[in-house]
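Everything on this sheet refers to the single structure shown next.
The values are calculated or read from the model by the stated rules, or taken from the named source; none is laboratory data. A quick note: this is a predicted structure, and the numbers were derived from the prediction, not measured. We place every Cβ from the backbone using ideal geometry, glycine too, and count neighbours over all the protein chains shown. Side chains included, ligands, DNA and RNA excluded: accessible areas come from the protein's heavy atoms. Shrake-Rupley method; radii C 1.70, N 1.55, O 1.52, S 1.80 Å.
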Amino acid sequence: LILGIDQPYGNHNGGHLMFGPDRMLWIGTGDGGSGGDPHGHGQNTQSLLGKMLRIDVNSGDPYGIPANNPFARGAGGLREIWAYGLRNPWRFAFDEPSGLLYIADVGQSEQEEIHVEPARTPGLNYGWNIMEGDRCYRSSGCSRQGLRIPQVTYTHAGRACSVTGGFVYRGRAIPAIAGHYFYSDYCAGGLRSFRFESGSVSDR
């Protein structure tokens, strides 16, 4: 056993993990479940839930903490945390040529969201449960200061309910879609894509 995280409910458990280009083990965790993040895990940097975690399984026992994690010295948050403010990241992907990290984060009842940020930028706050997608959650107004607004959102129209993230296509067989990030939806099905270049979304 490398890392154990207690889950208060049976949903939003996240669970996606992969080794990044930096050879660290990245772990996407959900906010622990129920609805609306009742325990406030997403914004709580003393909880491993609702986070992107980053650990070094090649050092330490059972793992080490990368020195450039935002709370690596133990001040302000748990040392394993790389980013926070997520509801249920399902799933995330690295695009090495661009140096970007794509996170498909499942929404509550109105919006699904996809974040695209530099993979080397620590300590980002993706907004949950202050925001759902690019809208304030449970209020008509909220402070967006310090929050990362998703680059792509979509509503639950057309029976959509839960984003499922994919990968950026970097193959040579179909040049027209090179650089496109592909994703789907658990309820609506289908396959969608967009291209993210120079800080903006295109070909959606």
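A Förster radius of 22 Å, combined with the Cβ-Cβ distance separating residue 191 from residue 161, puts the computed FRET efficiency at roughly 0.85.
Return, ordered by residue number, the residues of segment 141-180 whose backbone nitrogen is under 18 Å from a label point located 7 Å along Cα→Cβ of residue 96. Only 167-173, 178-180 pass the distance filter. Applying both filters, DSSP loop and at most 14 other Cβ atoms within 10 Å, to the trypsin sites (Lys or Arg not before Pro) of segment 146-191 gives 170, 172. Sequence-distant contacts, meaning Cα pairs under 8 Å at least 6 residues apart, place the relative contact order of segment 62-204 at 18 percent. Between residue 32 and 50, the built amide H atoms are under 5 Å apart, and every one of these is 5 or more places off in sequence or on another chain.
In segment 1-145, Cα pairs under 8 Å separated by at least six residues give a relative contact order of 19 percent. The trypsin sites (Lys or Arg not before Pro) of segment 1-58 that DSSP puts in a loop, and whose beta carbon has at most 11 other beta carbons within 10 Å, are 23.
For the chain, modelled as a GNM with alpha-carbon contacts under 10 angstrom, which of 129, 13, 58 fluctuates the most? Its mean-square fluctuation being the largest, the pick is 58.
Given R0 = 25 Å, the distance between the Cβ atoms of residue 7 and residue 56 translates into a calculated FRET efficiency of 0.55. Residue by residue, segment 129-145 carries 3J(HN,Hα) couplings of 9, 6, 10, 10, x, 9, 10, 5, 9, 6, 7, 7, x, 8, 7, 9, 4 Hz when phi is fed to the Karplus relation 6.51 cos²θ - 1.76 cosθ + 1.60 (θ = phi - 60°); x denotes Gly or Pro. Once all protein chains are placed together, residue 191 keeps about 120 Å² accessible to a 1.4 angstrom probe. Rounded to the nearest Hz, the phi-derived 3J(HN,Hα) couplings of segment 115-127 under the Karplus curve 6.51 cos²θ - 1.76 cosθ + 1.60 (θ = phi - 60°) are 9, 10, 9, x, 5, 9, 9, x, x, 6, 10, 8, x, where x marks glycine and proline.
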